[in-house]
1. Would you confirm, using the coordinates I've provided, whether Glu54 is away from the ligand (no atom under 16 Å from the Cβ) and under 16 Å from the mean Cα position of the chain (by Cα)?
2. Kindly indicate whether Ile3 is surrounded by fewer than 12 Cβ atoms within 10 Å (Cβ to Cβ), in contact with a Lys or Arg (Cβ under 7 Å, 6 or more places away or on another chain) and in contact (Cβ under 8 Å) with a residue 12 or more places away in the chain.
3. Evaluate the following for Ile65: is it crowded, with 17+ Cβ neighbours inside 10 Å, away from the ligand (no atom under 16 Å from the Cβ) and more than 19 Å from Lys92 (Cα to Cα)?
4. What is the number of the single condition among (1) in contact with a strand residue (DSSP E or B) (Cβ under 7 Å, 6 or more places away or on another chain); (2) aromatic (Phe, Trp, Tyr); (3) crowded, with 16+ Cβ neighbours inside 10 Å that Tyr29 does not meet?
5. Select from region 25-47 the residues that are near the ligand (Cβ under 9 Å from one of its atoms) and hydrophobic (A, V, I, L, M, F, W, C) and write down the one among them that is farthest from Phe83 (Cα to Cα).
6. As an exercise: evaluate Arg22 against (1) over 21 Å from Gly73 (Cα atoms); (2) within 16 Å of the ligand (Cβ to nearest atom) and give the number of the one condition it does not meet.
7. Evaluate the following for Asn78: is it polar (S, T, N, Q) and either surrounded by 14 or more Cβ atoms within 10 Å (Cβ to Cβ) or within 14 Å of the chain's Cα centre (by Cα) (or both)?
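Bear in mind that the values in this text are calculations on the coordinates, not laboratory data. Just so we're clear, the structure is a prediction, and the values are computed from it rather than from any experiment. Every residue, glycine as well, gets a Cβ built from its backbone with ideal geometry; the counts of neighbours run over all protein chains shown.
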Amino acid sequence: MAIKFKKKCWRCRKNYVTVTKRQRYATCYECQKKEMQGEIKDPKMKNMFDIPEEFYRNNSFLRDIKIKYLKFGNLTENQINAFKKVVKDLKKGDKK
Ligand SMILES: [Zn+2]
């Protein structure tokens, strides 16, 4: 497991975000909410991004991936796999 710590959102300088050490910039859910809205046409991707809003709220990595996809229209295999892995782990954690 990567070490996680809290960092202040660089945009609003108000909310704290849980990040891993590799992340240089932290943006909170409130600031990214607007960017995460958009139509996803690819049914496969739509299905992948169809996860509880709670996951996006608690995980900045998932938010970043979704925003990247909405911006560029595609993701690398690695990004897709990482996204799925995080979601899987979160779902597992949910059951405990
Ligand atoms: Zn913010």
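1. Values: away from the ligand (no atom under 16 Å from the Cβ): yes; under 16 Å from the mean Cα position of the chain (by Cα): yes.
Spelling it out, Glu54 is indeed away from the ligand (no atom under 16 Å from the Cβ) and under 16 Å from the mean Cα position of the chain (by Cα).
2. Values: surrounded by fewer than 12 Cβ atoms within 10 Å (Cβ to Cβ): yes; in contact with a Lys or Arg (Cβ under 7 Å, 6 or more places away or on another chain): yes; in contact (Cβ under 8 Å) with a residue 12 or more places away in the chain: yes.
Yes, satisfied.
3. Numbers: crowded, with 17+ Cβ neighbours inside 10 Å: yes; away from the ligand (no atom under 16 Å from the Cβ): yes; more than 19 Å from Lys92 (Cα to Cα): yes.
Yes; evaluated as a whole, the condition is true for this residue.
4. (1)
5. Kept after step one, since they are near the ligand (Cβ under 9 Å from one of its atoms), are these residues of region 25-47: 26-32.
Adding the requirement that they be hydrophobic (A, V, I, L, M, F, W, C) leaves 26, 28, 31.
Numbers: Ala26: 18, Cys28: 18, Cys31: 20 Å.
Here the answer is Cys31.
6. Arg22 satisfies all of (1) over 21 Å from Gly73 (Cα atoms); (2) within 16 Å of the ligand (Cβ to nearest atom) except (2).
7. Details: polar (S, T, N, Q): yes; either surrounded by 14 or more Cβ atoms within 10 Å (Cβ to Cβ) or within 14 Å of the chain's Cα centre (by Cα) (or both): no.
Judged against the criteria, Asn78 is not a match.
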